[in-house]
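Below: one structure, written as structure tokens.
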Amino acid sequence: MDLRIEHLSKTYENGTRALHDVSLTIPPGMFGLLGPNGAGKSTLMRILATLQEPDSGAAHLGEIDVLRDPSAVRRTLGYLPQEFGLYPKVTAEDLLDHFAVLKGIVDARERKQIVNALFEQTNLESARGKQLGSYSGGMRQRFGIAVALLGRPRLIIVDEPTAGLDPAERVRFLNLLSELGENAVVILSTHIVDDVSDLCSHMAIIDKGEIRLEAEPATAIDDLRGKIWVRAVERAELADYQRDHAVISTKLSAGKTLVRVFAETQPADGFAPAEAHLEDVYFAALRRQPAAA
């Protein structure tokens, strides 16, 4: 069951063009949507979650028309937005049980079994009786996933889920998402390249509301092999290198600037070949100019 997105566009009343002719085919499994802040990721996620409407375009989850039948989408949707509120003085168990009732799970015995299974799955069993105000950032995110998993959704959307998490919590959370991708379409919207590199078998890169690349991460990296070059330069030389070469990224190291350049052949003396990474794919895609309005 694929999620098919066709020519979605959205411009806000203030003139901001959030999406422009976005088309994607997202298969079951983990799909990474990469892009900088303000690229249009959250707008696309909210449209797919039936929280707002596009100006034009279509989207289908299997046979479900996402835009014309939002009720059907919501019955099979799990959504973890970038920011969500919780009642700090309510225990996790009480709130998850409450959300289960809202999801339509009215039989008490069935609901108890589902709530127990979700606490086990999200590794929150030992903290289920604690007030949510005492939860760490990672625990809050895992509780959010528990809520999103109510009703066994076939489409799961998570928007910037690892922002602000410490390394240990990030690993726990990504492992959980990886498990979910075995039985559903899971869209991971993020600006963190490593999240996509670690998890996703398919990905797209979006910037300024347009899709710059849609590919399998491994294939996209292979396409850059032998085309990434690196050289350490003085900071005062950086502007000249940016003018003369296709610089895709720079990084300070030991007082100098490491310049990474995309080129079919060695761009100049002093450049050494470098192993391509998904970060190179990301920055190379962002260099591409958007289509004319």
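None of the figures in this text is laboratory data; all of them are computed from the coordinates on show. Since this is a predicted model, take the numbers as computed values, not measurements. Neighbour counts run over all protein chains shown; Cβ positions are idealised from the backbone, glycine included.
Reducing the stretch 224-280 and the stretch 35-108 to their Cα centroids gives an inter-centroid distance of 42 Å.
What the phi angles of the stretch 159-174 give under the Karplus curve with 6.51, -1.76 and 1.60, with θ = phi - 60°, is a coupling list of 10, 6, x, 9, 4, x, 7, 6, x, 5, 5, 4, 5, 4, 5, 5 Hz, glycine and proline written as x. Evaluated over the stretch 3-215, the count of Lys pairs having alpha-carbon atoms less than 19 Å apart is 6 (only pairs 8 or more residues apart or interchain). Beta bridges per DSSP, both residues in the stretch 3-215: antiparallel share near 50 percent. Counting other Cβ atoms within 10 Å as a rough exposure proxy, the listed residues Tyr79, Tyr87, Tyr135 run Tyr87, Tyr135, Tyr79 from fewest neighbours to most.
Would you work out the relative contact order for the chain, in percent, from Cα pairs under 8 angstrom that are 6 or more residues apart? If you can, show how the numbers build up before the last one.
Numbers: 534 pairs, mean separation 62.8, N = 293.
Relative contact order for the chain comes out at 21 percent.
Ordered by the count of other Cβ atoms within 10 Å of each Cβ, fewest first, Arg288, Arg154, Arg109 give Arg109, Arg288, Arg154.
With the cut-off at 1.5 for a/c, could you classify the stretch 39-114 from its C-alpha gyration tensor as rounded, prolate or oblate? Could you put the intermediate results ahead of the total?
On the way: a/c = 3.61, a/b = 1.63, b/c = 2.22.
Note, shape of the stretch 39-114 comes out oblate.
Given the -39500 (n - 2.57) contribution per DSSP H run of 4+ residues, what per-residue ellipticity at 222 nm results for the chain, rounded to the nearest 500 deg cm²/dmol? Present the calculation step by step, with values, prior to reporting the outcome.
Numbers: 10 runs with 97 residues, N = 293.
The helix contribution divided over the chain gives -9500 deg cm²/dmol.
For the stretch 138-293, the dipole from Cβ point charges (+1 on Lys and Arg, -1 on Asp and Glu) about the Cα centre works out to 320 debye, to the nearest 20.
Remark: Lys41, Lys208 ranked as Lys208, Lys41, counting other beta-carbon atoms within 10 Å and listing the fewest first. Going toward the positive end of the dipole of the chain, with +1 on Lys and Arg Cβ and -1 on Asp and Glu Cβ, which of Ser189, Gly164, Phe31 do you reach last? Going by the charge dipole, the pick is Gly164.
Any idea what the relative contact order of the stretch 226-275 is, in percent, if you count C-alpha pairs under 8 Å spaced at least 6 apart? Don't skip to the answer; put the middle values down first.
Details: 83 pairs, mean separation 26.4, N = 50.
Relative contact order, the stretch 226-275: 53 percent.
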